[in-house]
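For reference, the structure is listed below as structure tokens.
The values are calculated or read from the model by the stated rules, or taken from the named source; none is laboratory data. All values derive from a computational prediction rather than experimental measurement. Note: ideal-geometry Cβ built from the backbone for every residue, glycine included; neighbour counts use all protein chains shown.
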């Protein structure tokens, strides 16, 4: 009888001890526009983040666990404040997103107020570069992408004029990308024609396109916009300037563009942070699982969101906090991180061939 009581007490003590040493559980916020014009980008980032959390839970089983709290993007700053307040009440300190540069610009002060750190997989505006704040990202900024495009275009010595159509709906992205591109073009002898467009302009794409290009003999077109808008401008370039070079930006480098663009986007160039023919084991494994699960091709937003989310989960599991390491393991190798949470990585120029992004050249 005495032995049975001692054994019961021992089991009770072990149960109490295991409770004292239970692994920490972390909630991560995720915010993106899962409806509207940027839905394809947001869905890809959400899917990448979901797989990242699942992989982290498997990798750190017994050491740490993670939960992704997904919220649709609000329509304004007041809505963002409510979302961030809710996330704070849930014990969230780190948020994957927002995805658009204009959203980061408008919502960042609210996130700071609640002590939240924003980690964006896709916001590339240079207005965030080199600032000591609570905003980090896993993609290069617009300067790196624009420079890669200029270097490519200048290989055509006969090029005299480039037309850039850019969105003003995401002004912190579109205007910033175009300004950086213009700066990179200075002194090259190539003239730049700008075609900023708003949502009202996109209701009459054809008339707006002809208004901007009337009388031009442009040798290249760059479209700085999301996938649907880019596909429509690509069709107009294809019809009216069939021999011109056509360039998109990272914002349209999505599976949705491949599905929408048809023949008009064949040969289209994009600067991206990934080589979609990479043989790196981590990339190959993720790409196969992603495609099998979501029936989409892996693309830049899904890859970057996976890396952003694993950056958070791995740091929390190993150090119980988020630190800024000098190097981070990505799906295609290491990435350099500076003191401000900005990533330096090689830019891959891709060309669309038969509905796929194929690597064209690497820009350091």
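Numerical summary
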| quantity | calculated |
| --- | --- |
| Residue 130 being in contact (Cβ under 8 Å) with a residue 24 or more places away in the chain, at positive phi, assigned by TED's automatic domain parsing to the domain that holds residue 335 and surrounded by fewer than 15 Cβ atoms within 10 Å (Cβ to Cβ) | yes |
| Where residue 61 falls short, out of the listed (1) over 22 Å from residue 107 (Cβ atoms); (2) assigned to a loop (DSSP other than H, G, I, E, B); (3) in contact with a helix residue (DSSP H, G or I) (Cβ under 7 Å, 6 or more places away or on another chain) | (3) |
| Of residues in region 333-364 being touching a strand residue (DSSP E or B) at 6+ places or on another chain (Cβ under 9 Å) and assigned to a loop (DSSP other than H, G, I, E, B), the one modelled with the lowest pLDDT | 364 |
| Residue under evaluation residue 152, criteria (1) assigned to a helix (DSSP H, G or I); (2) buried (at least 23 other Cβ atoms within 10 Å of the Cβ); (3) over 19 Å from the mean Cα position of the chain (by Cα), criterion not met | (2) |
| Residue, modelled with the highest pLDDT, within region 12-45, restricted to residues that are in contact with a strand residue (DSSP E or B) (Cβ under 6 Å, 6 or more places away or on another chain) and in a helix (DSSP H, G or I) | 45 |
| Residue that is farthest from residue 52 (Cα to Cα) [pool: residues in region 128-145 that are out of contact with any strand residue (DSSP E or B) (no Cβ under 8 Å at 6 or more places or on another chain) and part of a helix (DSSP H, G or I)] | 143 |
| Residue 288 being free of Cβ contacts under 8 Å to residues at least 24 places away in the same chain and part of a helix (DSSP H, G or I) | yes |
| Residue within region 245-259 that is at pLDDT below 95, surrounded by fewer than 17 Cβ atoms within 10 Å (Cβ to Cβ), part of a helix (DSSP H, G or I) and in the same structural domain as residue 354 (by TED's automatic domain parsing) present | yes |
| Enumeration of residues in region 82-127 that are more than 17 Å from residue 32 (Cβ to Cβ) and part of a helix (DSSP H, G or I) | 85, 88, 89, 109, 112, 113, 126, 127 |
| Residue within region 223-238 that is in a loop (DSSP other than H, G, I, E, B), in contact with a helix residue (DSSP H, G or I) (Cβ under 9 Å, 6 or more places away or on another chain) and either in the same structural domain as residue 35 (by TED's automatic domain parsing) or surrounded by 19 or more Cβ atoms within 10 Å (Cβ to Cβ) (or both) present | yes |
| Residue count for region 168-197, restricted to those that are touching a strand residue (DSSP E or B) at 6+ places or on another chain (Cβ under 8 Å) and not in a helix (DSSP H, G or I) | 9 |
| Selected residue (criterion: surrounded by the most Cβ atoms within 10 Å (Cβ to Cβ)) from residues of region 113-127 that are in contact with a strand residue (DSSP E or B) (Cβ under 9 Å, 6 or more places away or on another chain) and over 28 Å from residue 269 (Cα atoms) | 118 |
| Given (1) more than 30 Å from residue 23 (Cβ to Cβ); (2) assigned by TED's automatic domain parsing to the domain that holds residue 135; (3) touching a residue at least 12 places away in the same chain (Cβ under 8 Å), number of the condition residue 267 does not satisfy | (2) |
| Residues located in region 312-323, provided they are within 26 Å of residue 275 (Cα to Cα) and touching a helix residue (DSSP H, G or I) at 6+ places or on another chain (Cβ under 9 Å) | 312, 313, 314 |
